[in-house]
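The values are calculated or read from the model by the stated rules, or taken from the named source; none is laboratory data. Every value quoted in this text rests on a predicted model; they were computed, and no experiment measured them. Backbone-built Cβ (ideal geometry, glycine too); neighbour counts: all protein chains shown. The accessibility values were calculated without ligands, DNA or RNA, using every heavy atom of the protein model including side chains. Shrake-Rupley method; radii C 1.70, N 1.55, O 1.52, S 1.80 Å.
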Amino acid sequence: MSQSPLLDHLLELRRRVLRGVLVVLAIFSVAAFFADDLYQLLAAPMLASLPQGSTLIATDVATPFFTPFKLALVVSIALAIPVLLWQVWAFIAPGLYKREKRLVVPLMISSTLLFYVGVAFAYWVVLPLALNFLANAAPEGVTVATDIARYLDFVLAIFMAFGIAFETPVAIILLCWTGVTSVKSLRAKRPYVIVVAFIVGMVLTPPDIISQTLLAIPMWLLFELGLVIAGLYQRTPRSAEPERD
């Protein structure tokens, strides 16, 4: 009998994971038909930065076939994020207190929107500037010919970096709410945070000051936003909280 609750949790986890996988596969079944169109959209900033007459290339026989489908799968997972987060929420909700539930739902919604905003910012603002810099940085006599698979990996890394960086307010709210740190303590560390933001910008972006700054400044502003929002929440001791629903 002691194993029954654990078994129930495992079965519930399996159901939630299966539903998430099915949603991703359902979206992918549609996105796969537009795989080439999706890649053309992704390649547009690079093509605009290349010298006239230059194009993307494929250095492997199977790359032209598999790369667009890889992108379609990534897009499917990205579009399914709200559903995936909802499955996570449905799984953990029974073990949360009422105050925790009131906080978690807005955080899940805001984290999803912030991730999308970060990816959009990277695509519309950062990529054109960074790719133009990199394409023009080639030594004289060197023809820029980027492999489509390598380009996809590069862009996905940029998207992931900016998507995660834009989650800064959510991370700060969670750190303050759980008692790991406080708003006052983080405010005192503001100069160090700004330095860390620029270091992260140097590590996660191409080696040009423009793209590094375009990551560092939003991280700093989102840090300040997180402090403002975190100040509105005061963690209630569990002994003073009502029972779980």
Looking at Leu79, Leu56, Leu13, Leu73, which one is among the aliphatic types (A, V, I, L, M) and open to solvent by 80 Å² or more (accessible area, probe 1.4 Å)?
Leu79
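Among the residues of the range 130-143, which ones are of a type in the set (A, V, I, L, M, F, W, C) and surrounded by fewer than 17 Cβ atoms within 10 Å (Cβ to Cβ)?
Of the range 130-143, the ones of a type in the set (A, V, I, L, M, F, W, C) are 130-131, 133-135, 137-138, 142.
Across the range 130-143, the qualifying residues are Phe133, Ala135, Ala137, Ala138, Val142.
Mind checking which residues of the range 124-159 are assigned to a loop (DSSP other than H, G, I, E, B) and under 19 Å from Met219 (Cα atoms)?
Initially, the range 124-159 is screened for residues assigned to a loop (DSSP other than H, G, I, E, B), giving 137-146.
None - no residue of the range 124-159 is assigned to a loop (DSSP other than H, G, I, E, B) and under 19 Å from Met219 (Cα atoms), so the list stays empty.
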Please give the number of the condition Val180 fails out of (1) more than 22 Å from Ser54 (Cβ to Cβ); (2) in a helix (DSSP H, G or I).
(2)
If we ask which residues in the range 160-170 are in a helix (DSSP H, G or I) and open to solvent by less than 50 Å² (accessible area, probe 1.4 Å), their number turns out to be 7
Odd one out for Val203 among (1) hydrophobic (A, V, I, L, M, F, W, C); (2) farther than 30 Å from Ile57 by Cα; (3) over 15 Å from the mean Cα position of the chain (by Cα):
(2)
Tell me whether the range 24-36 contains one or more residues that are open to solvent by less than 90 Å² (accessible area, probe 1.4 Å), under 25 Å from Ala157 (Cα atoms) and among the acidic types (Asp, Glu).
no
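Val104 - would you say it is over 16 Å from Phe28 (Cβ atoms), free of Cβ contacts under 8 Å to residues at least 40 places away in the same chain and out of contact with any strand residue (DSSP E or B) (no Cβ under 8 Å at 6 or more places or on another chain)?
Working: over 16 Å from Phe28 (Cβ atoms): yes; free of Cβ contacts under 8 Å to residues at least 40 places away in the same chain: yes; out of contact with any strand residue (DSSP E or B) (no Cβ under 8 Å at 6 or more places or on another chain): yes.
Taking the combined requirement at face value, the residue satisfies it.
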